[in-house]
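Notes for the one structure printed next.
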């Protein structure tokens, strides 16, 4: 089965800055991304129908399948598309069963009439001209027979939904990824509590304490937990990622592929290719790709007066009440901060921002900003991209024209949020 995750909708704006640089269904929640979950659950291939400026990196013409123990593998998408799915919804057993039971020409609606998936033999030419969710519904909804879904499901509407659901999604992904499979061997030098621990090929842990009584611990291919670490599940460590000596990992933490972390982490998600290599606290946070935390950087996740945390919302263009008492930091791709940075409760840092200097930076740092508590200017795009190219080279990646054009577009699209 081939599925396409639809992304040209208003929910993208509420997930900025994380969704500036990727489709919403490419966000990581739990062990794998939303799109990878659908590939696992439906045993098929997935691809994205996203904004035009993202299609160079995320083309509809390329699909991928996710194979446990191996990862995502791209393939040229030849067959017709059977399901067009809402891109910010997470799969579960009841929802997948309802979608699989759809016949061609039917649409699945939830109890409030919100569409969840269209079933048809779509060609790419049927979908590529669509410009928005309103356009999608105008074209297809009148022609499809409505089927009702009475069950519950999880959707990602704001950045905090990622860290709030991360622990439960690690558990769900763990069952899918490890079912009927044997873990790689675990060194006897470790202290173990519980038996929900799974290592993929090449993963290594030495002289650490692993507590899976509260949730599973999953270590992807060739990941490493160095000596003296304390890890409590649910926890996921991505392929080729590393946890440095003496780190303290609390429940609900995902460290994505090729990342390196140290210090103290709690209820947070790091997408991948990012570094928090030193002491300092990260909690109730979501960090994008290619980010770097300086040594002894900390984020607050609780206000002194214990009131709800207000966070900047790109869609509203103002701060909103999150309804949460614990809310740390949201950081877009390619953002960086200097040593001893102190982020206040509920801070949002945009794509490509560089934060440095004494004191607390503001609670909203716009995309491509350069500065700190004393004020900001616009980060020169060419210099920022020079840094990106160097960072890519450190991970044996090439900063090509596709990546460059994407950042060029995000720089222009985010311009209205910079008012220095």
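The values are calculated or read from the model by the stated rules, or taken from the named source; none is laboratory data. The structure presented is a predicted model; accordingly, all values stated were derived computationally and were not measured. A quick note on method: Cβ atoms are made from the backbone with ideal geometry, for glycine too, and the neighbour counts reach across all protein chains shown.
Would region 373-383 turn up any residue that is outside the structural domain of residue 23 (by TED's automatic domain parsing) and under 23 Å from the mean Cα position of the chain (by Cα)? Spell out how you get there, then give the answer.
Start the filter on region 373-383 by keeping residues that are outside the structural domain of residue 23 (by TED's automatic domain parsing), which leaves 373-383.
Subset that is under 23 Å from the mean Cα position of the chain (by Cα): none.
No.
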Checking 357, 323, 352 in turn, the sole residue that is modelled with pLDDT under 95 and outside any helix (DSSP H, G or I) turns out to be 357
Subset of region 243-269 [in a loop (DSSP other than H, G, I, E, B), on the phi < 0 side of the Ramachandran plot and in contact with a helix residue (DSSP H, G or I) (Cβ under 9 Å, 6 or more places away or on another chain)]: 251
Checking 240, 278 in turn, the sole residue that is within 15 Å of residue 31 (Cβ to Cβ) and not in a strand (DSSP E or B) turns out to be 240
Is it the case that some residue within region 6-17 is surrounded by fewer than 24 Cβ atoms within 10 Å (Cβ to Cβ), outside the structural domain of residue 329 (by TED's automatic domain parsing), free of Cβ contacts under 8 Å to residues at least 12 places away in the same chain and more than 19 Å from residue 285 (Cβ to Cβ)? no
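Taking the options 192, 213, name whichever one is without any contact (Cβ under 8 Å) to a residue 40 or more places away in the chain, part of a loop (DSSP other than H, G, I, E, B) and touching a strand residue (DSSP E or B) at 6+ places or on another chain (Cβ under 6 Å). Steps first, answer last, please.
On the way: 192 fails: part of a loop (DSSP other than H, G, I, E, B).
Unique residue meeting the criteria: 213.
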I'm trying to understand the selection: among the residues of region 267-278, which are more than 12 Å from the chain's Cα centre (by Cα) and under 24 Å from residue 325 (Cα atoms)? 267
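Going through region 405-420 one residue at a time, which ones are part of a helix (DSSP H, G or I) and surrounded by 15 or more Cβ atoms within 10 Å (Cβ to Cβ)?
So in region 405-420, the residues part of a helix (DSSP H, G or I) come out as 405-413, 415-417.
Passing the criteria: 406, 407, 409, 410, 411, 413, 417.
Just one of 119, 212, 189 is at pLDDT 95 or above, crowded, with 21+ Cβ neighbours inside 10 Å and more than 30 Å from residue 330 (Cβ to Cβ); which is it?
Details: 212 fails: more than 30 Å from residue 330 (Cβ to Cβ); 189 fails: crowded, with 21+ Cβ neighbours inside 10 Å.
On inspection, the qualifying residue turns out to be 119.
Would you please name the residue that is surrounded by the fewest Cβ atoms within 10 Å (Cβ to Cβ), looking only at residues in region 25-54 that are in a helix (DSSP H, G or I) and out of contact with any strand residue (DSSP E or B) (no Cβ under 8 Å at 6 or more places or on another chain)?
Let us first name the residues in region 25-54 that are in a helix (DSSP H, G or I), namely 25-26, 34-42, 52-54.
Cutting the leftovers down to out of contact with any strand residue (DSSP E or B) (no Cβ under 8 Å at 6 or more places or on another chain) gives us 41, 52-53.
Details: 41: 21, 52: 10, 53: 15.
Among them, the one singled out is 52.
Let's see how each residue does on (1) buried (at least 23 other Cβ atoms within 10 Å of the Cβ); (2) under 22 Å from residue 292 (Cα atoms):
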{"position": "161", "(1), (2)": "no, no"}
{"position": "166", "(1), (2)": "yes, yes"}
{"position": "169", "(1), (2)": "yes, no"}
{"position": "206", "(1), (2)": "no, no"}
{"position": "230", "(1), (2)": "no, no"}
{"position": "239", "(1), (2)": "no, yes"}
{"position": "250", "(1), (2)": "no, yes"}
{"position": "253", "(1), (2)": "yes, yes"}
{"position": "261", "(1), (2)": "yes, yes"}
Options 360, 399: the member that is surrounded by fewer than 20 Cβ atoms within 10 Å (Cβ to Cβ), in contact with a helix residue (DSSP H, G or I) (Cβ under 6 Å, 6 or more places away or on another chain) and without any contact (Cβ under 8 Å) to a residue 24 or more places away in the chain: 399
Candidate set: region 101-116, residues that are in contact with a helix residue (DSSP H, G or I) (Cβ under 9 Å, 6 or more places away or on another chain) and in contact (Cβ under 8 Å) with a residue 40 or more places away in the chain; chosen: the one surrounded by the most Cβ atoms within 10 Å (Cβ to Cβ): 108
